Amino acid sequence: MADFTTLDGGSTTVDAMHLDSLSAALDGELHLPSGPSYDAARVLWNAMIDRRPGAIVECGSEADVARTVTFAREHGLLLSIFGAGHNIAGNAMVDGGIVISFRSMKNVTVDADSARVTVQPGATLGDVDAATQPHGLAVPTGINSTTGIAGLTLGGGIGWLGRKHGLTIDNLLSARVVTADGRVVTASATENEDLFWGLRGGGGNFGVVTSFEFQAHPLGPEVLAGLIVHSFSDAPSVLRAYRDFVAEAPDEVTVWCVMRKAPPLPFLPEEVHGTEVVVLAAMYAGDMSEGEAALAPLRAIGTPIADVIGPSPFAGWQQAFDPLLTPGERNYWKTHDFDTVTDDLIDTVLEFVAALPDPQSEVFFAHLGGAQGRVPDDATAYQGRSADFLMNVHGRWSDADQDEGCIAWCRSLFAATAPFATGEAYVNFMTEEEGERVTSAYGSSYERLVALKDKYDPGNLFRMNQNIAPSTVG
């Protein structure tokens, strides 16, 4: 006998016979709290999330997913989905419930002739790059190679190639999905089109994706990319010049602005280590000689401490921020979309950067627009395409005793910058507590998403996410 958490927040007992039957039917493995592999199977990227599921099903096949969805539905169990475990909200794990884990389903298959890439949901962005770059191809994804492809895609997918080739969802061709009733369906522009619309930005609200098919694009193996580091004393003028530069930049140019304490990078003078800096992280998605000309005005801003822009393997550039985003630290984020970065917004953010609560914490502006901004608002569930910037307040620290102070700093900065924001938000950067923001985050898509939820998951089995509740619940 085993105790589980139910969908309504209560508890229920599942007979060992039923668990044994599930385990015997699996191509993968069932991890129970009494087992030796259980603790390793429940670890997430964000160390603030420490949950103990009643069972973890490490799926070995699509059939395992369908079996587990059916098992959870029939027993009324709270269910969560683990892709790579990188999501800030920690929704991949659930106390007392049952988890579908994709740790063993990480295959990436590339058809170089058609530039189509098929990816299992346990793959990371690094897995995708490792498979595509030998063919001189890239799928537009994110900026951290350990991020899971599934969560990134279902929430939208912003990164270095979005201005040139669109969001990750704009390059999704089809998906295989296990729905709440245990069926396996294909969603694409010609099959289950309504579901395909909802998957592109609506998160995991409508089913469990077991396979993604993407359109890749010629790129690499080298690109022009790198960092320009400025002293914090020059931050007001650097940020204003950055804003003006990106306003006229071609789609091939993407520049993110990161404000943090300088890590001990070898190209930075030792006296700069541990001091506040402004980092312009730039990439050109095209011919490198054209990129040199396009980035020249950015490199001419102010008097940098360091400029290390140059030819870089694209896969390596995708890993450039990995050392700052390793698992096992405590993380808390707050995010806003902005139409522009005004002088007042710059001044407000810099006040908070001058009082970072921990050397690992940072604030960044993501440079949006370009191709991802030209897709019609109603083409996908994702909203926020008109925004030219996204800000993420990334609180990060090691010691649980710092929780209160670091979280308070993030929330205060979020509140102080709210008057400048659009009101929409990137759901992949929202924490667990922000359920009240879901309606505004989806804007004009929200009512259509509710109708889709009513159709595909009226019982809200898939609720461990930035949840779009069906109308019967909401």
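The values are calculated or read from the model by the stated rules, or taken from the named source; none is laboratory data. Owing to the predicted nature of the structure, the values given are computational and were not obtained by experimental measurement. All Cβ positions, glycine included, derive from the backbone under ideal geometry; neighbour counts span all protein chains shown.
Quick notes on this structure:
- Identity of the residue in the stretch 371-416, of a type in the set (Lys, Arg) and touching a residue at least 24 places away in the same chain (Cβ under 8 Å), that ends up surrounded by the fewest Cβ atoms within 10 Å (Cβ to Cβ): 411
- Once the stretch 330-339 is narrowed to residues that are within 11 Å of residue 394 (Cβ to Cβ) and touching a Phe, Trp or Tyr at 6+ places or on another chain (Cβ under 7 Å), the residue that is surrounded by the most Cβ atoms within 10 Å (Cβ to Cβ) is 334.
- Entry remark, the stretch 444-461: residues being in contact with a Ser or Thr (Cβ under 9 Å, 6 or more places away or on another chain) and within 21 Å of residue 197 (Cβ to Cβ) number 10 in total.
- Applying the set (1) touching a His at 6+ places or on another chain (Cβ under 8 Å); (2) assigned to a loop (DSSP other than H, G, I, E, B); (3) not aliphatic (A, V, I, L, M) to residue 340 leaves exactly one unmet item: (1).
- Taking residues in the stretch 306-323 that are assigned to a strand (DSSP E or B), and partners anywhere that are modelled with pLDDT of 95 or more and of a type in the set (Val, Ile, Thr), the pairs with Cβ atoms closer than 9 Å and at least 6 places apart or on different chains are 306/228; 306/229; 306/272; 307/228; 307/229; 311/223; 312/223; 313/223.
- Residue satisfying condition, being on the phi > 0 side of the Ramachandran plot and in the same structural domain as residue 366 (by TED's automatic domain parsing), within set 302, 316: 302
- Each residue in the stretch 6-51 was checked for being under 11 Å from residue 97 (Cβ atoms) and in contact with an Asp or Glu (Cβ under 6 Å, 6 or more places away or on another chain), and 2 pass.
- Any hit, the stretch 419-426, residues being assigned to a helix (DSSP H, G or I) and more than 17 Å from residue 156 (Cβ to Cβ): yes
- Test: residue in the stretch 340-362 that is closer than 23 Å to residue 141 by Cα, surrounded by 21 or more Cβ atoms within 10 Å (Cβ to Cβ), among the β-branched types (Val, Ile, Thr) and in the same structural domain as residue 406 (by TED's automatic domain parsing): no
- Set 90, 96: member being assigned by TED's automatic domain parsing to the domain that holds residue 19 and either aromatic (Phe, Trp, Tyr) or within 19 Å of the chain's Cα centre (by Cα) (or both): 90
- Test result for residue 260, in contact with a strand residue (DSSP E or B) (Cβ under 7 Å, 6 or more places away or on another chain) and touching a residue at least 40 places away in the same chain (Cβ under 8 Å): yes
- Restricting the stretch 204-223 to residues that are part of a strand (DSSP E or B) and of a type in the set (A, V, I, L, M), the residue that is farthest from the chain's Cα centre (by Cα): 223
- Residue count, the stretch 86-110 (criterion: buried (at least 23 other Cβ atoms within 10 Å of the Cβ), touching a Leu at 6+ places or on another chain (Cβ under 8 Å) and assigned to a strand (DSSP E or B)): 3
- Looking only at the stretch 181-219, and only at residues there that are buried (at least 22 other Cβ atoms within 10 Å of the Cβ) and small (Gly, Ala, Ser), the one that is farthest from residue 446 (Cα to Cα): 216
- Looking across the stretch 445-474, the residues that are assigned to a helix (DSSP H, G or I) and of a type in the set (Phe, Trp, Tyr) come down to 446, 456.
- When residue 420 is tested against the conditions (1) assigned by TED's automatic domain parsing to the domain that holds residue 259; (2) surrounded by 15 or more Cβ atoms within 10 Å (Cβ to Cβ); (3) without any contact (Cβ under 8 Å) to a residue 24 or more places away in the chain, the lone failure is (3).
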